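Working notes, beginning with the structure itself.
Nothing in this text is a laboratory measurement; each read-out follows from the coordinates by a stated rule. What you are looking at is a predicted structure, and each value in this text was computed from that prediction instead of being measured. Note that each Cβ is placed from the backbone with ideal geometry, even for glycine, and that neighbours are counted across all protein chains shown.
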Amino acid sequence: MLIKTLVSLPSRTGRNLQRYNHGFRLVVGCIPYRFRETKKSPPIHGTLIEELEVLLITSQKSPKMMFPKGGWEIDEDIKLAATRETMEEAGVVGTIGDKLGEWIFKSRSRDTFHEGYMFPMLVTEEFEVWPEKNVRQRIWMTVNEAREVCAHSWMKEALDAFCSSIHVSANKEKEFL
């Protein structure tokens, strides 16, 4: 019920509650993902091989594509902030995994640097209405498509880290079969 209430609220704005580290604004985000069954793959043990898809969003000010991310505020832990930003910007919630890494990058809109942290999020619910629905588009796509259209090199690195972690998990599962 709390999530449904939050979805109808406006996004947090302003920088007065933002966290900073040695002058770098701290930002957090997620790589939302899901597995889509496809009829293109042959069945294994009676089920279809699933295809990994990730969710990208447009910038508020341009059609550039990226993963949801935003400021980590002082009243939140890091995973809560990443979950909130993903819900506000992309309108999805889910199970958040371990941190994929941290990146230092230059802001494109300001002459400052940020310290970014990204997490994988297995999407469990996709909302029809969310805080930034009127200013963003969201698009599910394959990892290769996402790598092509993602506007930020540091987010492409996070996507590669995510894919490596998924590959390792898949190989560990095979060891137990």
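Estimated translational diffusion coefficient (Stokes-Einstein, Kirkwood radius over Cα pairs, 37 °C, 0.692 mPa s) of segment 88-156: 233 µm² per second.
Label-to-label distance for ILE74 and LYS133 is 3.4 nm, based on points extended 7 Å past Cα in the beta-carbon direction.
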